[in-house]
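K.L.:
Supplied in structure tokens, the structure appears directly below.
The values are calculated or read from the model by the stated rules, or taken from the named source; none is laboratory data. From a predicted model like this one, the values you see are computed outputs, not experimental measurements. Glycine gets a Cβ as well: all are built from the backbone with ideal geometry, and neighbour counts include every protein chain shown.
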Amino acid sequence: MRGVAYGIGVGPGDPELMTLKAVRIIRACDVVAVPGDNPQHSRAYQITVTAVPELSRKKLVPLSAPMTRNRAQVEASAHKNAQLLEGLLDVGANVACLTLGDPTLYSTFTYLRRALEADGYRAEYVSGVPSFCAAAARLGVSLAEGDEALRVVPGDPETKDSPLTGTHVILKGGMRAREIAELLVRDGHEVYAVENCGMDDERVYRGLDEIPDRLGYLSLLIAR
């Protein structure tokens, strides 16, 4: 019987935010696939091994993925990674694919899952705590109240042309942090930012005056 590939969300950075289900499935899996060329250097691995120490004794498989918006390159990489995992699944091994945050939200596992399923293999999502929920809790602000809307958008150039109403979560906007924050304030929002939420090098920014021009990749902005 073929094994199953699980896309497991390990949360935003704090190992205590990993779900019981994530921990259980990682422990039960024969193989753990980790993003990047060196599994032990991966943020996802470093988070997980704190909550699941036996991870260090499991078979680890690195999954390289290009940091690009080129859809063809992303899908080609997913197909290559799928072929790598299929050899393990064919002999009955279950594979836990670690991913930061939640695997359904801007995750490369989505492309990997499609590639696996297209080849007739079974793949499943295991939810994790998304970064913006953890960041809101860290800031002590609510994301939505009553009939307020909540909109999650990527921090790409189109953000500046979007109608900024309700609460906004801007992911992947670190390279344009200050620019985006200024647009949000201009439209009457209170703006916050969190960098590396739940990690040892976490940084919290409250208000436009504190937000630098650029933030790291694992950053987000919340506008209320």
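K.L.:
List the pairs whose first member sits in segment 196-219 and is farther than 26 Å from Ser42 by Cα, whose second member is of a type in the set (Ser, Thr, Tyr), and whose Cβ atoms are under 6 Å apart, counting only residues at least 6 apart or on separate chains?
P.N.:
Arg206/Tyr192; Ile211/Tyr205
K.L.:
Just to be sure before I move on: is Asp200 over 30 Å from Ala51 (Cα atoms), assigned to a loop (DSSP other than H, G, I, E, B) and at pLDDT 85 or above in the structure I sent?
P.N.:
Spelling it out, it is not the case that Asp200 is over 30 Å from Ala51 (Cα atoms), assigned to a loop (DSSP other than H, G, I, E, B) and at pLDDT 85 or above.
K.L.:
Hey, can you tell me all the residues within segment 50-80 that are in a helix (DSSP H, G or I) and over 24 Å from Arg24 (Cβ atoms)?
P.N.:
Residues satisfying the conditions are Arg71, Ala72, Gln73, Val74, Glu75, Ala76, Ser77, Ala78, His79, Lys80.
K.L.:
Further question: Report yes if Ser77 is surrounded by 14 or more Cβ atoms within 10 Å (Cβ to Cβ), over 30 Å from Tyr192 (Cβ atoms), without any contact (Cβ under 8 Å) to a residue 60 or more places away in the chain and among the hydroxyl-bearing types (Ser, Thr, Tyr), otherwise no.
P.N.:
yes
K.L.:
From the set of residues in segment 98-134 that are assigned to a strand (DSSP E or B) and more than 12 Å from the chain's Cα centre (by Cα), which is farthest from Ala5 (Cα to Cα)?
P.N.:
Across segment 98-134, the extreme among qualifying residues is Val126.
K.L.:
Separate question: Identify, by number, the condition in (1) of a type in the set (D, E, K, R); (2) within 25 Å of Glu16 (Cβ to Cβ); (3) in contact with a Ser or Thr (Cβ under 9 Å, 6 or more places away or on another chain); (4) not assigned by TED's automatic domain parsing to the domain that holds Arg69 that Asp102 doesn't meet.
P.N.:
For Asp102, the exception is condition (4).
K.L.:
I've got another one for you. Filtering segment 38-49 down to residues that are outside any loop (DSSP other than H, G, I, E, B) and touching a residue at least 24 places away in the same chain (Cβ under 8 Å), which residue is surrounded by the most Cβ atoms within 10 Å (Cβ to Cβ)?
P.N.:
Restricting to residues being outside any loop (DSSP other than H, G, I, E, B) and touching a residue at least 24 places away in the same chain (Cβ under 8 Å), the top hit is Thr48.
K.L.:
Now for a different question. Checking Ser131 against (1) within 23 Å of Asp37 (Cα to Cα); (2) surrounded by 17 or more Cβ atoms within 10 Å (Cβ to Cβ); (3) polar (S, T, N, Q): exactly one of these is not met. Which one?
P.N.:
Of (1) within 23 Å of Asp37 (Cα to Cα); (2) surrounded by 17 or more Cβ atoms within 10 Å (Cβ to Cβ); (3) polar (S, T, N, Q), only one is false for Ser131: (1).
K.L.:
So, in segment 94-117, how many residues would count as being surrounded by 24 or more Cβ atoms within 10 Å (Cβ to Cβ) and on the phi > 0 side of the Ramachandran plot?
P.N.:
Looking only at that region, the number is 1.
K.L.:
Quick one: in segment 18-37, which of the residues that are hydrophobic (A, V, I, L, M, F, W, C) and surrounded by fewer than 22 Cβ atoms within 10 Å (Cβ to Cβ) is farthest from Ala93 (Cα to Cα)?
P.N.:
Met18
K.L.:
For segment 213-222, state whether one or more residues are among the polar types (S, T, N, Q) and either in a strand (DSSP E or B) or at pLDDT below 90 (or both).
P.N.:
Yes: segment 213-222 contains one or more residues that are among the polar types (S, T, N, Q) and either in a strand (DSSP E or B) or at pLDDT below 90 (or both).
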